[in-house]
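Comments concern the structure below.
The values are calculated or read from the model by the stated rules, or taken from the named source; none is laboratory data. In this text, all values refer to a predicted model and were calculated from it rather than measured experimentally. No Cβ is skipped: glycine too gets one built from the backbone with ideal geometry, and neighbour counts run over all protein chains shown.
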Amino acid sequence: MEDALLGILTRAIANHRRLPTVITVLEMQMRLRIQEGVHARKFSSAAQSDLDSPEWIGRQLKDIFAPLAAEPIRVELHGRATRFYPLGPEILAKALTRANAKREDLADDNNPRAFCASCSSCDYQEVCEIRSRKLQAEARLNNRGRRVPPSIENPVGADTGLH
């Protein structure tokens with residue numbers, strides 16, 4: 001599990017120059033599924049069922065990788081409820097060492113949704129449970145945008161960003 005978490009962190013450091021300081025159970029579950037596919041023969045069937053269990057993953061995150069007394073926070077990603085945990089200084093230091101990076105050169109990222117930005121370049125395309133819902137929601141937003149007359153599409157001073 002530590003290798004999966006370090007993989008997530010070092011990819012974010014290398015590809016996006018950011019250091020995630022929180023992790024969702026959903027992202028860990030997807031990373032473990034990818035690793036499980038690569039190393040499936042190394043796991044017993046009991047271990048494979050643990051890797052698919054959000055409860056087990058959450059306990060591991062809380063007990064091993066989160067700071068003491070850290071509590072999970074619920075978040076929803078495109079209709080899928082999950083929890084996220086803050087990451088402790090030890091795992092962050094290991095990720096920085098593995099990526100050969102300095103923390104001051106990176107942006108700290110405490111957004112649990114940051115990993116779910118773009119389906120087209122996502123590491124989790126093959127195992128993602130939320131991709132179809134996300135793409136459907138984006139299509140609905142785009143369709144709604146086409147029906148709005150151009151004169152009121154972007155009123156002056158309007159906040160056009162999605163939050």
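Yes/no per residue for (1) modelled with pLDDT of 95 or more; (2) in a strand (DSSP E or B):
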position: I23; (1), (2): yes, yes
position: R33; (1), (2): no, no
position: V38; (1), (2): no, no
position: R41; (1), (2): no, no
position: S49; (1), (2): no, no
position: I64; (1), (2): yes, no
position: A69; (1), (2): no, no
position: E76; (1), (2): no, yes
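This table checks each residue for (1) of a type in the set (S, T, Y); (2) under 16 Å from I13 (Cα atoms); (3) surrounded by 12 or more Cβ atoms within 10 Å (Cβ to Cβ).
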{"position": "R74", "(1), (2), (3)": "no, no, no"}
{"position": "H78", "(1), (2), (3)": "no, no, yes"}
{"position": "T82", "(1), (2), (3)": "yes, no, yes"}
{"position": "Y85", "(1), (2), (3)": "yes, no, yes"}
{"position": "G88", "(1), (2), (3)": "no, no, yes"}
{"position": "N100", "(1), (2), (3)": "no, yes, no"}
{"position": "R103", "(1), (2), (3)": "no, yes, yes"}
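Just to be sure, is A114 touching a residue at least 40 places away in the same chain (Cβ under 8 Å), closer than 21 Å to A4 by Cβ and part of a loop (DSSP other than H, G, I, E, B)? Yes, satisfied. So which residues in segment 98-148 are out of contact with any strand residue (DSSP E or B) (no Cβ under 8 Å at 6 or more places or on another chain), under 22 Å from M28 (Cβ atoms) and of a type in the set (D, E)? Listed by number, the residues that qualify are D123, E126.
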